[in-house]
Structures are given as structure tokens and as C-alpha cells.
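Visitor: Have a look at the structure that comes next, please.
The values are calculated or read from the model by the stated rules, or taken from the named source; none is laboratory data. Computed from a predicted structure; not experimentally measured. A quick note on method: Cβ atoms are made from the backbone with ideal geometry, for glycine too, and the neighbour counts reach across all protein chains shown. Ligands, DNA and RNA are excluded from the accessible area calculation, which covers all protein heavy atoms including side chains. Shrake-Rupley method; radii C 1.70, N 1.55, O 1.52, S 1.80 Å.
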Amino acid sequence: MKKYFYNFFLILKNVKNYGLITILKACLIELFYLIKFKDFKSYIYDESLTSTYEQTKLENTYNTQHTPTPYLFLKIASNFMAKEKINDFVIVDLGCGYGRVGDFFLNKFKCIFYGIEINKSFIDYLSLKKNKKDNYNVYNIDLKNKIKRDEIFHKIANHKKKIIIFISDPFDIFTIIEILKYFKDLDHLILGVNINQLERLYKDYQKIYLKTFNKGLRHIVLLKLKQL
């Protein structure tokens, strides 16, 4: 039962973090896009290759289990992009799950999607679900593996386009900082959702837009690299 209903339980558990009105709005938008993209499989809960929800609250290093980013948050993030008049770009989803970020952004923008995920069964499903397209790329790797991730990042850099790195708290801040070092000389922005210890990124990045919930404990943010 946990496999199919735990992510719904987490939505209810987070009412105190977002407020009842936000949760109700999120549920309505969620239902609309679940039907539009036939995205019901994204609610399957699988922590077989990751830390548990409880472990992520207690440990300094972790891989977050698959929890789909609410479509409401993706709408807010896409509004940030639209305000900045960003349309032709590469979006990189670090911990893509069942690919909902790719489906959403490809529907909204002219972009190329790279989804990277530790769970092979998710990538196998996406590979079968999607036709082979130049703008849709998914890879099964552990992002803590520097050699493997840098091979993919090199392919991303070769597009010579602005890079949007989508981070929805997929792992600890130390891994995020290590990954971002690869992009320091590339034209990129960070779209972040509830990044744990976000303030650690402010050393090198500055806010363009920020939407907060529950007095700043939850957030959606667009960041750019500080100018030297």
C-alpha cells in the first residue's frame, strides 16, 4: 500500500508547511496535469535505492526518494522563466523520477530535456514511453558518481545553449555544490524547489525570483551566478 499511497500522504502531511489554501490549489492543478500528461505513475513511491523520508531529515548526506514536484510549483517556476524571457534552453532535472519536469517544460517552452535518475526502472519506463527525440534525453546514473555525471554534463554543454538546472532537493547540499562546480564557466541558472540549506548557495549565486511558503521554510527560487 505504501508504494501507491505514500506520496499522497506526504501532501496531507505538508498542509502545515504550505497552508490549506495552497494545498487545495495544488491539488486542483495536480489533477488537471495528471490527466493531461497521463502522469499517474509518478505517484508510485520507491525508496529502494535512496534514503527514506525520515533519513533525509536526520542525515547530512543522502539521496532523496522519488517524490514528484507538484505541478503548482512547476507553474510558478515556469512563470519565473517567462518573466526573464527565457525560452530556448536546456533543462537538466537532477533526479527526474518519471519525467514530469520534462513533460511540463517541453509543453511550455522550446527546450531540450535531460533527465538523470538513479532508479533504472524509472529510466526503463521513460525510454519505452517516449519516442526517440533529440529534445528528450534520460540517463540512469548515480549523480554522486563524478565520472559518469561529467560524461553527461559534457553532452549538455555541447548544445551551446543556456542551461537551466532543476533541483528539487534530490540529495544533500554538499553533492549539489559539487555538481554545480562543473557549470561554473557555463551560462546557467538554477531552478530550485525546497533545497535544504539553500543559504549555502548564496556564496556563489544570487536570487532573481523567490517564492516562499511558511515563513520561508519552503521555497521556489531562480538563481544566477554572481558576477566576479
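Visitor: If r is the Cβ-Cβ distance from residue 159 to residue 211 and R0 is 35 Å, what FRET efficiency results, to the nearest 0.05?
Guide: 0.80
Visitor: Could you put 154, 159, 219 in order of accessible surface area, largest first, with the 1.4 Å probe and the full protein assembly present?
Guide: Putting 154, 159, 219 in descending order of accessible area: 154, 159, 219.
Visitor: I'd like the distance between the alpha-carbon centres of region 63-103 and region 18-41, rounded to an integer number of Å.
Guide: Value for the Cα centre distance between the two parts: 15 Å.
Visitor: Over region 69-210, what percent of the accessible surface lies on carbon and sulfur atoms, probe 1.4 Å?
Guide: Summing carbon and sulfur atoms, their accessible area is 49 percent of the total for region 69-210.
Visitor: Per 0.36 nm of contour for each residue apart, how much would the distance between residue 135 and residue 224 grow if the chain were fully extended, relative to their Cα-Cα spacing?
Guide: Length gained between residue 135 and residue 224: 29.7 nm.
Visitor: Using a 1.4 angstrom probe, figure out how much accessible area region 92-151 has per residue, in square angstrom, rounded to the nearest whole.
Guide: 47 Å²
Visitor: Oh, and also: Provide the net charge surrounding residue 95, with neighbours chosen by a C-beta distance below 9 Å and charges set as Lys +1, Arg +1, Asp -1, Glu -1.
Guide: -3
Visitor: Now a separate question. When Lys and Arg each count +1 and Asp and Glu each count -1, what net charge do the other residues less than 13 Å away from residue 152, Cβ to Cβ, add up to?
Guide: -1
Visitor: Place the peptides 18-25, 115-122 in order of packing, highest mean first, counting for every residue the other Cβ atoms within 10 Å and averaging per peptide.
Guide: Going from most to least packed, we get 115-122, 18-25.
Visitor: Based on Cβ point charges of +1 for Lys and Arg and -1 for Asp and Glu, what charge dipole magnitude is obtained for region 92-228 about its Cα centre, in debye rounded to the nearest 20?
Guide: Computed about the Cα centre, the dipole is about 400 debye.
Visitor: Further, regarding this structure: Name the shape class, rounded, prolate or oblate, that the alpha-carbon gyration tensor gives for region 69-216, where a ≥ b ≥ c are the square roots of its eigenvalues, rounded holds for a/c under 1.5, and otherwise prolate holds if a/b is larger than b/c and oblate otherwise.
Guide: Cα axes put region 69-216 in the rounded bin.
Visitor: How would you rank 160-171, 178-189, highest first, on the average number of other Cβ atoms within 10 Å across their residues?
Guide: Ranked from most to least packed, the peptides come out as 160-171, 178-189.
Visitor: Can you tell me the Rg and Dmax of region 136-209, counting just the alpha carbons, in angstroms?
Guide: Over region 136-209's Cα set, Rg and Dmax evaluate to 12.3, 33 Å.
Visitor: Now a separate question. Quote to one decimal, in nm, the extra length available between residue 142 and residue 76 on full extension: 0.36 nm per residue of separation minus the C-alpha distance between them.
Guide: Additional length available on full extension: 20.9 nm.
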